[in-house]
1. Within segment B:387-403, restricting attention to residues that are polar (S, T, N, Q) and open to solvent by 20 Å² or more (accessible area, probe 1.4 Å), which residue is nearest to residue B:326 (Cα to Cα)?
2. So in segment A:81-97, with the set limited to residues that are away from ligand 2 (no atom under 16 Å from the Cβ) and within 12 Å of chain B (Cβ to nearest Cβ), which one is most open to solvent (accessible area, probe 1.4 Å)?
3. Report, by residue number, each residue of segment B:122-160 that is in contact (Cβ under 8 Å) with a residue 40 or more places away in the chain and more than 15 Å from residue B:171 (Cα to Cα).
4. Mind listing just one residue for me: the one in segment B:574-596 that is under 23 Å from the mean Cα position of the chain (by Cα) and open to solvent by 20 Å² or more (accessible area, probe 1.4 Å) and, of those, nearest to residue B:311 (Cα to Cα)?
5. Any idea how many residues of segment B:520-557 are surrounded by fewer than 16 Cβ atoms within 10 Å (Cβ to Cβ) and either within 30 Å of residue B:308 (Cα to Cα) or of a type in the set (Gly, Ala, Ser) (or both)?
6. Report, by residue number, each residue of segment A:101-142 that is basic (Lys, Arg) and within 11 Å of another protein chain (Cβ to nearest Cβ).
7. Pairs under 6 Å by beta carbon, first residue closer than 22 Å to residue B:116 by Cβ in segment B:83-100, partner part of a strand (DSSP E or B) and aromatic (Phe, Trp, Tyr), six or more apart or different chains?
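The values are calculated or read from the model by the stated rules, or taken from the named source; none is laboratory data. Quick caveat: nothing in here was measured; it's all calculated off a predicted structure. Here the Cβ positions follow ideal geometry from the backbone for every residue, glycine too, while neighbour counts run over all protein chains shown. We work out accessible area using only protein heavy atoms, side chains counted, and drop any ligands, DNA or RNA first. Shrake-Rupley method; radii C 1.70, N 1.55, O 1.52, S 1.80 Å.
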Amino acid sequence: MGMLHNLADLLKIKKDKMTILVLGLNNSGKSTIVNHFKKSNEQSAIMVPTVGFEQQQFYSMGVTIKAIDMSGATRYRNLWETRFKTCQGIIYVIDSSDYMRFVVVKDELEALLQHPDLMNRNIPILFYGNKSDCEDALSSVKIAAALGLENIKEKPWHICSSNAVSGEGLEEGVQWLVQHIRYAMLNSHDGAKLKAHSKNK
Amino acid sequence: MATSGTTAPNWLNVDTEDEMPKLTTLSSCMALSDVQCDGYVRLLAADISLEDDEPSARLKVFRGLRLKQEQLLPGIPAAIESLYIDETEPKTPVIAVAIAESVLFFRHMKPYFKFTIPALEVDDLELEVWRQLPVMPTKRDALLDSLRNLEHAKLSRKSQKLLQLSEEERESFISTHADSPVGRHGNIVAMCCLKRVSSDANPPSHLVLATDTGDILILEPQGFNLVYQARTCAYETTPSLLSVQGTFETDFSILVGTRNGGVYLLRKSTNEGHGQEVFKISSPLTGLLMLPIDQTIVVTTMEHFYQCYSKRGKLLYQVQLNALPVCILSLTLSHFGITLLAIALQGGVVQFYLQRYLVDEFVVSSTVAAMLYGRMGMEDHVLTLVTQENQMFVKILRRLARFEPKSSALSLASKTAAGRKKNGDVSILDKPKKSSIFVEQAVREKQHAKATYGSFQVELWRLRHTAARATIDAINSSETSISGDLTHAPVKLAAEVCGTGPAFRLYLTVQNLSSFKMASNLVVLLHADRRHYTIQQSMARLPSVLPGVPLRVDFEVVAVLDPIDKLPPATLTLDNAQIRVMLLKSGQAKPLIAAAVSMPQSEAAF
Ligand SMILES: Nc1nc2c(ncn2[C@@H]2O[C@H](COP(=O)(O)OP(=O)(O)O)[C@@H](O)[C@H]2O)c(=O)[nH]1
Ligand SMILES: [Mg+2]
């Protein structure tokens, strides 16, 4: 049973109503994570590499997952920022063995949290401390401290270690995300409408 | 005065869990290399220890800020370079370390070859003296005198040593060294990479070596042959700084700064000859670079100047610095299309200039002695700084960084301009007649100003977006040199650029590849960034092109140069120095062929 299967099931939402963005610096493991999700859903994948910024998209059981590379390409910034408006959850992937770039991860995270399309929304953020199998990998506690995650007050967040190659830890994170997207949607105005919609059925 | 002020800094400071590593090194003794071939670029540096009585150096490899490997070097290096020597996959970098008269080559951090520069000629008289010295003890004083009469710097090390010894020591020195060769070697003082061909990612390179005797050599690092030999100038000088631009196969320039403040230019055609003096300044140079974009020469001097010269030695501009410049570095920010110059000043200030304008600066704890910039780890724009107190700092360019001139002169200029406007003649705008519709509309606009403006902007951007998308799609879909439209005769387009600039001639050859169809009603349209190139005639209607008979048309393209300093605009980079050529069929919106012609760099006109 795929992870996303229960995600869509639990939410009982209309198809293509939900988007999860997978963000992170280049080489953090986003593609590997997305591929893992794909495998577990045995769905034909749609890969959409667009000009300039790498984007992988796949659609399954009513959930669209989009991976966006926040690599140096500054000029495509506004392009990927347009996706913020329509997403319901964010997975932020961090290479926990690349300590040198934590400062960039932190800077990007701050920009993300302050983005007008995300700032006042109750969007759950899941952090994967990926590549936990690497020798230099930092624990998720240390990552949370280095990135100052305790300062995120207005959004639910969760961090867990993962190994995208073996799939270890991915499930735990997704379960958390599913729950919190559900809470968020039920609480919001949108959620109320959705509920009515599913009752009518 | 320029300060980093209230805005967020452009550089993110990397800190570590453990202590920052200590390092004693020079800019030339640092390199970035994917030594493990895993895509993670590591920092290599020679850590030079002068504390013990015998100076020594260790080659250190850092992953991020963590020291991962180190090994003792057999001497104090003058320079370290990481280069690729061939195209074989997987691409493995080679580390070249120049020590005294040799270059050591490492692969996977293991030494595998030592190249020694050719010995210099020895004076016949000196050889004769050494033949006689052991066998004619009586004539020794006369022989020593004749050695003294020769130019000291041109003597072999053996003879120099002999002259320094005291009377008693000479006897034994002569007997022990009687049969050893009378050889003389220069020392390598600087080394740079020179790409063999075009500038794709990690192209194979040659090494340019400068020796203290003034020889400039190019070493081909596969067979270890010297493929170019020249002298800095007609007489003997000692180079101290070296900067190289271009590619070996097409054309290149080697810039040499000497200890006396002279700057010499050597070109590909200078092989076997000697370089030309570009300019000479009275105070010693502390930094010398040739910038990749506009091929200008920047130097920093002991007299606190940062100066920019053309390749012909004309001073284009100079900036007075607040303190002694210690080292300089050029930073190409490809995503902005600009090249900045970083100047580290005595005291710990590091300033960033865009041409003559100060655009950024920061301060570190003490004077920066060495700088390195490039891709490190997985990040593209990383600046590594090593201070004279042996501290290492690593800074990453913020993705949201901005570089704008902060010169007080600029703001002053705009202020005076604004002042002039105020008391000048402000012409009164004609107002339209106030019909009732106009009044109502005016009221509506007043009440909903924000919304009106907003929706106008939205629509405007939407229109622009749609237009841009359509254009790009149309151009991209025909980005080839042969047209693929089946309803027409297939046509082929070839382009050639002649001239050295600023005026170029662009020759286009249109060929009809069909065997029977005629290609008619064709139009050629050129498009270039107006800030970079001026094209007098950007469109040409072509006569019908018959099968097999190529048609040649040419256009004049003039590179735009700043009228004051004769430099190309800062926004021009190697990537966007292009002219788009579109071959259209009249009455059809989608081009048959769209191609981009890269333009060569323009020589400045003086
Ligand atoms: N050891 C290890 N390697 C990983 C892990 N996740 C990803 N990688 C590797 O990291 C590299 C970059 O992964 P990729 O998914 O392409 O990163 P992206 O740029 O974020 O899409 C690949 O070589 C992956 O095999 C992990 O958890 N552990
Ligand atoms: Mg990827």
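1. Only one residue tops the list, namely B:388.
2. Among residues in segment A:81-97 that are away from ligand 2 (no atom under 16 Å from the Cβ) and within 12 Å of chain B (Cβ to nearest Cβ), the one most open to solvent (accessible area, probe 1.4 Å) is A:82.
3. B:122, B:126, B:127, B:153
4. Within segment B:574-596, the match that is nearest to residue B:311 (Cα to Cα) is B:574.
5. Of the residues in segment B:520-557, 10 are surrounded by fewer than 16 Cβ atoms within 10 Å (Cβ to Cβ) and either within 30 Å of residue B:308 (Cα to Cα) or of a type in the set (Gly, Ala, Ser) (or both).
6. If the condition is that a residue be basic (Lys, Arg) and within 11 Å of another protein chain (Cβ to nearest Cβ), then A:101, A:106, A:142 are the ones that fit.
7. B:94/B:105; B:95/B:106; B:96/B:105
Per-residue answers, yes or no, for (1) touching a strand residue (DSSP E or B) at 6+ places or on another chain (Cβ under 9 Å); (2) within 23 Å of residue A:65 (Cβ to Cβ); (3) without any contact (Cβ under 8 Å) to a residue 24 or more places away in the chain:
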| residue | (1), (2), (3) |
| --- | --- |
| A:106 | yes, no, no |
| A:134 | yes, no, no |
| A:137 | yes, no, no |
| A:148 | no, no, no |
| A:152 | yes, yes, no |
| A:157 | yes, yes, no |
| A:160 | yes, yes, no |
| A:167 | no, yes, no |
| A:172 | yes, yes, yes |
